[in-house]
Amino acid sequence: MEYIKGNNAKKLGAVELFDVEELTSTGTSASISNYKVEDHGICDIEDSLALCLDTLGKVDIHYMAWLSASDEKEIINVHNGRTIVQRPEKYYKDRLEYDNWVLIVDYLRGNLYRLMKRASKLNMIFPGRFDANIRVIKQAMPERPDITDVHAQLGSSWIDAKYVEAFIQDLFDLSFRPKVLRCDGQWKIKLAYMPVYVTNNYTYGTERMSAIRIIEHTLNAATIKIMDEVPADTKSGYKKVTNKELTYIAQSKQQLIMRKFSQWIETHPEIQASLAKDYYETYSYITKNYDGSYLRLKDKNPAVTLYAHQLNAIARIILTRNTVLCHDVGSGKTYCYAAAVHELYRMGISKKNMIVVPNNVFNDAVRSHRFLYPQDNLLTISPDDFKPEDRLATINKMRDGDYTAIYIAASKFDMLGMSLDYQIEALSDEYDELSDKRNQADSRWAETQLKKKQQKISKKNDKLVEEYEEDDRDCFDKLGITTLVIDEVHNYKNVSIETSLENVVGMHKSGSHRADSLLDKVRQVQKTGGRIVFATGTLLTNSISDLYVFQRFLQPHTMDDCSVSTFGEWANTFGSITSSFEVDVTSQDFRYMTRLSHFHNLPELMALFSGVCDFYHINDGDMQLPKFNGYKDIVVNKTAYHDDYNKEIVARTDLCRKGRVSPKDDNILNIVMDGRKSALDIRMVIPDAFVSENECKAGVCAREVAELYYAHPGTTQIIFCDLSTPKKEWNVYDEIKRYLVKRGIPAKEIAYIQSAKSDTKKNKLLREFEEGNIRVMIGSTQMLGVGVNVQKNLLALHHIDAPWRPSDLSQREGRLIRQGNLNPEVFIYRYMTAGSFDSYVWQILENKQHFIGSFLAGSMSQFHRDETDVDMVMLDYSEVKALAIGNPLIKERIETANTLERTKISRRQREKQLAELTSDVPNLTKDIQRQQAKIAGVEQDIEFYDSHKISLDETFREHVGQGILNALVTNNMKTKTKLHTLYMGFEIHLPKDMHSTDRHILVRRKGGEFYRVDVQDKSPVSITRSIDGVLRGFTRRREKLEKGLLEMTRKLDIAKDELAKGNPYTGEVLALEERLQEIDDELNVDDKRKEK
């Protein structure tokens, strides 16, 4: 297709035709075959960008000029700095005037400090060309955090080794500066001689682990642990065991050193200032949002209307390389990736698209795509396909066929491996990268470390070649996939993690094969310039630490730039590592476990991840969903059995705390589990207990279910229960059913999801439920809460127990609050036994779910910088004891701790506000003085103009204007402003630093203020009339200045009033801290922690 070029063209015949080269992904010019003028006609310049994005999926100046029948310069003049900018480094490389233009939101996706450095440097080489870039970067730059709010600890990747060297020298009072080396995520301390023994091995260290060794472990995020050798029936005659007592002592020394490091920073203002600068330069990222309102999606089924959040997600997928759709369960992710893939195929950006869907929702996903785009040619590989006899033909179809998308079931996708050639090439690239690092190594130690890694790669390569059994037919990298979509990607989070930490909760040194294989496939697609799209409603299943895995998938280069590519670097920068002895779930013995107990620097981590994260919360309001007015909490009274059993829990807790019982026989994990079971139904722990219908959750739940059953005919309900399962012996499922039947609900209308023993039977059972033949379904989160679409007539959910993780809660409730539910209002019931663990568990779930949602949405306050990770498994003895005896202080402690955290955030925010106001007062005072001077100057200008204005004829105007134009021809980039002539007594100056594309003059009364007059592309006469306009505008300017003066005066008065009020949150924080300490003292929490 040919482009249309011409100035002010009104008819197609009046313009010149020319060809343009094929478009590339960098935003250069493109062929637009299959698009004709009559598709959208001649639009105005403003609309040309939207049509260009909708047609080509990128910014193309030539195409925008063709659409608007204008020239490229006009397009740039209108859009540059408003919607688009040019990439300076690309222009520097190829010097193409109209290529490499991108949306501002895309341009600002990187580190803004580095963007500013590059733009400023190249703007000096090409004066004025990148002024717009600099302006949009300045406007977007994040606020610089105060260093006192930044969590800085030993091992934080952004802290330079020189600060660690200075700290060690001061801590041990050394006469020399130690050498701290860094290499590929590892740290090493080199000393001329060891510090004084007492300081190194007693004050800050132990006899078994010196302070220097503890510091080195801390820098490397390595586990602090003291091991003993004890006799054992092994080949060597001994085994290593952890010495609990000495380990605790070494850990306490580590905490002491870390506190000393924080104090050392606080007492060195010059170091604080330097660290603040380093941190800001490293993490100058901002949250990003895309606007997809320009998308027409003209091939889409007109019966489907997509919501704003779906259009925005589609736009992000089209415009970026890596995206994760973190949309709530039931918010329409399938339509997002289906439409995005269709558009990418239509635009010619991606011609080989693979969509991986879990087996249980495979047919639903394919049906959704075909309904949205009936005309699309899809290749579907279901769980029943890909049999050995059909595999070759299927692989050939995937590789050679022309399909809009290839849908493949996750189990079949996992069968696809990587070719030997690809794996060898990947190892070779890794080896070469290490060689480059060796060439730049600044120490022998660094070179040795890198050499060891290369040797490890060589061994891995040899083993691969020796053991690899290749079947070319099953190699993913030979299919030519250009866009890979993974639905429910949280199923692939178990990636192998290389770390010095041991037994990290939620992380694994040896991950699953399917997760590691996906990482290889993702890297292959990324390496060849393709797109990766992840989709999940529960990205962070339980903790922010899950985020590291997905950043590793989607942000490898960003993580390298921020030096957080290894888990140790990431954990030391964004977390606090805690190691302690916990009960092993499988062995029922103690095991040394590591957790990220706290998370820090959250606004920067949030901004970093927003580069790939597209978040949508289902309650944000743009979807047509059934009305939901919050939980209906039903409290079930506890019985005398509960009181007796809680006393037993207290006794068991005391025995465990005092070490009078082996962890194999009883432990805190067993106690917590039994406490939760007793809250569900006392008969789960006391089988012969007798309780009435109104004294158990099963009976009370049945009452509520039956009431809705009769009040809303034809509707369905789900009851979730994880702590009990259907079996021959007594169980909660059968008890609920018994009470439901007793209330008149036919047994045939009640079903257990566990009764379906195959996918076929499960699908049949769910269809019966969807059609209303079964009206009450009981099941577990895993079987009924994940990937089940039964919302059509679903009226209510009943949580008869609480799930373990926030993601489980999201999956459960995602069955109800989603598109396609025909009920105008829906209900969610939570059942809680009074004086039990229930309320505490629900509080933890709500807090974590709210925090995770706020974090992913990028809506968390900039002052919410830290968060404590809470886990039911981590309840301590005193807390369990307090819960068991029904101590109301537990509830108060939760509420007080939450209020304290919020109040601290408010206090920090107010402190920052007061600091700003303190500096604003003198600045506003000076601004008022300057404003008053400007008003006085304008009044003089008015008086001067009134006394000098005369009527000018056209000949004189022509003469003056032409003289100005002639003078400006030789005035490019002059270093000084120059007086040119007088006009009605006013001086006309030629400006300094003027670029030929920005011609203007400066007008002033002698000794007065300069006024700019633009003369670019103006005739001589119009130039003089523009000058007249400026002179006549003095009165309006005075009025504007006077309004500004009033506003400044008002701001000054407000600032003084606010400063007088001070910080009301300071007293509140102190009071809350005192109350929290009182509660902890009563609960004996602190004493217990000291015993640990």
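Below are the figures for this structure:
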{"item": "Flag if Gln862 is in a loop (DSSP other than H, G, I, E, B), of a type in the set (S, T, N, Q) and at pLDDT 80 or above", "result": "no"}
{"item": "Test result for Ser678, more than 30 Å from Thr287 (Cα to Cα) and surrounded by 22 or more Cβ atoms within 10 Å (Cβ to Cβ)", "result": "yes"}
{"item": "The listed residue being touching a residue at least 12 places away in the same chain (Cβ under 8 Å) and either touching a Phe, Trp or Tyr at 6+ places or on another chain (Cβ under 9 Å) or hydrophobic (A, V, I, L, M, F, W, C) (or both), out of Asn637, Asn629", "result": "Asn629"}
{"item": "Condition met for Tyr1011 (over 30 Å from Gly961 (Cα atoms), of a type in the set (Ser, Thr, Tyr) and surrounded by 17 or more Cβ atoms within 10 Å (Cβ to Cβ))", "result": "no"}
{"item": "Some residue of the range 514-534 being touching a helix residue (DSSP H, G or I) at 6+ places or on another chain (Cβ under 6 Å), outside any helix (DSSP H, G or I), within 18 Å of Gly611 (Cβ to Cβ) and not aromatic (Phe, Trp, Tyr)", "result": "yes"}
{"item": "Of all residues making up the range 921-962, the number that are among the hydroxyl-bearing types (Ser, Thr, Tyr) and touching a Leu at 6+ places or on another chain (Cβ under 6 Å)", "result": "1"}
{"item": "Any chance Val1030 is free of Cβ contacts under 8 Å to residues at least 40 places away in the same chain, in a helix (DSSP H, G or I), surrounded by 13 or more Cβ atoms within 10 Å (Cβ to Cβ) and not assigned by TED's automatic domain parsing to the domain that holds Asn77", "result": "yes"}
{"item": "Of all residues making up the range 465-479, the number that are out of contact with any Gly (no Cβ under 9 Å at 6 or more places or on another chain) and surrounded by fewer than 14 Cβ atoms within 10 Å (Cβ to Cβ)", "result": "6"}
{"item": "Scan of the range 393-421 for residues that are out of contact with any His (no Cβ under 8 Å at 6 or more places or on another chain), of a type in the set (Phe, Trp, Tyr) and crowded, with 19+ Cβ neighbours inside 10 Å, ordered by number", "result": "Phe413"}
{"item": "Residue among Leu484, Leu464 that is in the same structural domain as His342 (by TED's automatic domain parsing), more than 30 Å from Lys179 (Cα to Cα) and either among the aliphatic types (A, V, I, L, M) or more than 35 Å from the chain's Cα centre (by Cα) (or both)", "result": "Leu484"}
{"item": "Some residue of the range 229-238 being surrounded by 13 or more Cβ atoms within 10 Å (Cβ to Cβ) and more than 23 Å from Tyr280 (Cα to Cα)", "result": "yes"}
{"item": "Selection from the range 957-984 of residues that are in a helix (DSSP H, G or I) and of a type in the set (A, V, I, L, M)", "result": "Val960, Ile964, Leu965, Ala967, Leu968, Val969"}
{"item": "Selection count where residues are touching a residue at least 60 places away in the same chain (Cβ under 8 Å) and surrounded by 14 or more Cβ atoms within 10 Å (Cβ to Cβ), scope the range 658-675", "result": "8"}
{"item": "Breaking point among (1) under 36 Å from the mean Cα position of the chain (by Cα); (2) at pLDDT below 95, for Ala232", "result": "(1)"}
{"item": "Where Gly714 falls short, out of the listed (1) among the small types (Gly, Ala, Ser); (2) within 20 Å of Phe837 (Cα to Cα); (3) touching a residue at least 60 places away in the same chain (Cβ under 8 Å)", "result": "(2)"}
{"item": "Qualifying positions in the range 797-813 - among the small types (Gly, Ala, Ser) and over 21 Å from Val636 (Cα atoms)", "result": "Ser807, Ser810"}
{"item": "Cross-chain or 6+ apart pairs with Cβ under 8 Å, the range 27-56 first and loosely packed, with under 15 Cβ neighbours inside 10 Å, then among the small types (Gly, Ala, Ser) and at pLDDT 50 or above", "result": "Asp44/Ser68; Asp47/Ser68"}
{"item": "Matching residues in the range 769-813 - criterion: being among the aromatic types (Phe, Trp, Tyr) and surrounded by 23 or more Cβ atoms within 10 Å (Cβ to Cβ)", "result": "Phe769"}
{"item": "Residue check for Val357: modelled with pLDDT of 95 or more, surrounded by 17 or more Cβ atoms within 10 Å (Cβ to Cβ) and outside the structural domain of Leu816 (by TED's automatic domain parsing)", "result": "yes"}
{"item": "Complete set of residues in the range 717-740 that are part of a strand (DSSP E or B) and either free of Cβ contacts under 8 Å to residues at least 40 places away in the same chain or not polar (S, T, N, Q) (or both)", "result": "Ile718, Ile719, Phe720"}
{"item": "Residue within the range 323-340 that is of a type in the set (Val, Ile, Thr) and over 25 Å from Pro358 (Cβ atoms) present", "result": "no"}
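Rundown of residues vs (1) assigned by TED's automatic domain parsing to the domain that holds Glu498; (2) at negative phi; (3) surrounded by fewer than 19 Cβ atoms within 10 Å (Cβ to Cβ); (4) among the aliphatic types (A, V, I, L, M), yes/no style:
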{"site": "Asn100", "(1), (2), (3), (4)": "no, no, no, no"}
{"site": "Leu108", "(1), (2), (3), (4)": "no, yes, no, yes"}
{"site": "Asn123", "(1), (2), (3), (4)": "no, yes, yes, no"}
{"site": "Val136", "(1), (2), (3), (4)": "no, yes, no, yes"}
{"site": "Gly155", "(1), (2), (3), (4)": "no, no, no, no"}
{"site": "Phe167", "(1), (2), (3), (4)": "no, yes, no, no"}
{"site": "Val180", "(1), (2), (3), (4)": "no, yes, no, yes"}
{"site": "Trp187", "(1), (2), (3), (4)": "no, yes, no, no"}
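Residue-wise test of (1) farther than 27 Å from Val366 by Cβ; (2) in contact (Cβ under 8 Å) with a residue 40 or more places away in the chain.
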| site | (1), (2) |
| --- | --- |
| Gly417 | no, yes |
| Gln423 | yes, yes |
| Gln440 | yes, no |
| Arg444 | yes, no |
| Glu488 | no, yes |
| Lys509 | yes, no |
| Leu519 | no, no |
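The values are calculated or read from the model by the stated rules, or taken from the named source; none is laboratory data. In this text the structure is predicted, and so the values were computed from the model without any measurement. In this analysis, Cβ positions are derived from the backbone assuming ideal geometry, glycine residues included, and neighbour counts consider all displayed protein chains.
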